[in-house]
Amino acid sequence: MAFHHDLLEVARGLLEKEYPTQATLHRSVSTAYYALFHLLIHEACSNWARPEHRINLARAFEHKQMLSASDKQKAKHKDAAENSAEKHLFEVALSFVQLQQKREFADYDYSIELSLDQARLAIVQAETAFRSWEAIRNEQITQDYLFSLLIKDRAVKAPEWGNR
Amino acid sequence: MALTTSSSVQEQEIDSAVHRVESKFAKEVDHIRYSLGENWVGAPSIFFRVVVRDEASRGDHELYELSNKVSISLMNEAKTDENGLYAYFDFRSMSEQAKLKDPAWA
């Protein structure tokens, strides 16, 4: 099984303990984010024709650029029709943005006491994002999104002609 | 930090937006709180904390569907994207809040 699927199982497994502690809840939320993070990177790198370069290519992704790209898609498609490719992409992008910030709190802010509901929701967000991804992975908008996770949008700027 | 006029106006607009969403989802949502701050990259952000009724949070799927609807509604009503705010949403049930007694969620 692929690494990102394993991570998702780990995240779910942590919640299935009889008495989840704050440590298991925090680890579960963090792992749910990394499952989605690695799914997206895996999918993007799969587009690279030479497999021997994919591991190094995967290291080029930055959380901040992925946030920016995902937030744009979230804003663009939030009112898309149910079950459309755009709506599925919205679910992936929204989950990514939400889980990324939750991971920050889960990993670094010990003052935050997580509830089981919050951790459950994080796992379901990741699981739903995986399903949405499967539904749209070959769509053009999905492939454009993957590209934007790595490459900043550089709008072509018209030349500025000075006054003479 | 002192509030400027514009941020005070913005908070009033957000308060009204939150009330509208609370009314819209009154059957499922008990109350919504929020705070303004920065996300992990230091960008202006709004953090919503939604306390949902226990009946609405029992199943994973129900909780997820509700969280999506409430999140979209809050984004649209509070115009978070238009106001340049990253919007973040957290949900917990009333019974879990009763156990944790977190004042930020009360």
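What follows is calculated from the coordinates using simple rules that are stated; it is not laboratory data. Source: prediction; values computed, not measured. Methodologically, a virtual Cβ is constructed for each residue, glycine included, from the backbone with ideal geometry; neighbour enumeration extends over all protein chains shown.
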Quiz prompt | Exceeding the 31 Å Cα-Cα cut-off - candidates B:24/B:99; A:64/B:27; A:17/A:72; A:74/B:99 | solution = A:64/B:27; A:17/A:72; A:74/B:99
Quiz item: Using only Cα atoms, what is the ratio of the radius of gyration of chain B to 2.2 N^0.38 Å?
Solution: 1.08
Exercise. Return the single residue from B:43, B:26, B:17 with maximal mean-square fluctuation; model: Gaussian network over chain B, springs between Cα atoms under 10 Å.
Key: B:43
Practice problem: Filter the DSSP H helices in chain A by two things, a Kyte-Doolittle mean of at least 0.0 and an axial alpha-carbon span of 18 angstrom or more, and list the hits by number. | Solution: A:3-15, A:22-46, A:116-136
Quiz prompt | Globularity ratio of the protein assembly as shown, using Cα Rg and 2.2 N^0.38 Å | solution = 1.05
Quiz prompt | Nearby lysines by direct alpha-carbon distance to residue A:78 (threshold 17 angstrom, same-chain neighbours under 8 apart not counted) | solution = A:87, B:69, B:79
Quiz item: Helix B:60-77 versus the longest principal axis of chain B: what is the Cα-based angle in degrees, 0 to 90, to the nearest 10?
Solution: 20 degrees
Quiz item: More than 23 Å apart: what percent of Cα pairs in segment A:14-164 qualify?
Solution: 44 percent
Quiz item: Tilt of helix B:5-24 relative to the longest C-alpha principal axis of chain B, in degrees (0 to 90, nearest 10)?
Solution: 20 degrees
Practice problem: For segment A:83-142, report the convex hull volume of the alpha-carbon atoms normalised per residue, in Å³, without decimals. | Solution: 72 Å³
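Taking loop as defined by DSSP and a crowding limit of 15 other beta carbons within 10 Å, which GluC sites (Glu not before Pro) in segment A:1-83 fit?
The qualifying sites are A:16, A:18, A:62, A:82.
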Quiz item: In deg cm²/dmol, rounded to 500, what helix-only [θ] at 222 nm does chain B give when every DSSP H run of at least 4 residues adds -39500 (n - 2.57) and the total is split over its residues?
Solution: -14000 deg cm²/dmol
